[in-house]
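**Q** Below is the structure I would like to discuss, written out as structure tokens.
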């Protein structure tokens, strides 16, 4: 069975399109397209959500089933992710309530920033 990258490369070649032409049309960097075709998704220094989007865009451009391509990416990625240890630490569930350096909690900091922004906006409206 062909890998996702092999199918992408074969489809591109079948259309008679170069990587550079595909990059120009899809607006995905050529080195990213080459990494995708080589099944080296881990070499793309972006979050998985972007990689999934690239797979979908590229598959659509190549006239492949984009949902199957994304599913294949997820399968490929989940195999690699299963081999990596996941260390969330003991307080992973309470990350929002964990104090930051200086004793300030994350949620308190967020509400403080929102309050200051709102006060600034209100002051700007009243003085305009």
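**Q** Look through the stretch 74-128, keep the residues that are under 30 Å from residue 36 (Cα atoms) and modelled with pLDDT of 65 or more, and return whichever of them is surrounded by the fewest Cβ atoms within 10 Å (Cβ to Cβ).
**A** 75
**Q** Could you tell me whether any residue of the stretch 15-30 is surrounded by 12 or more Cβ atoms within 10 Å (Cβ to Cβ), in a helix (DSSP H, G or I), free of Cβ contacts under 8 Å to residues at least 12 places away in the same chain and more than 22 Å from the chain's Cα centre (by Cα)?
**A** yes
The values are calculated or read from the model by the stated rules, or taken from the named source; none is laboratory data. Everything quoted here is computed from the prediction, not taken from an experiment. No Cβ is skipped: glycine too gets one built from the backbone with ideal geometry, and neighbour counts run over all protein chains shown.
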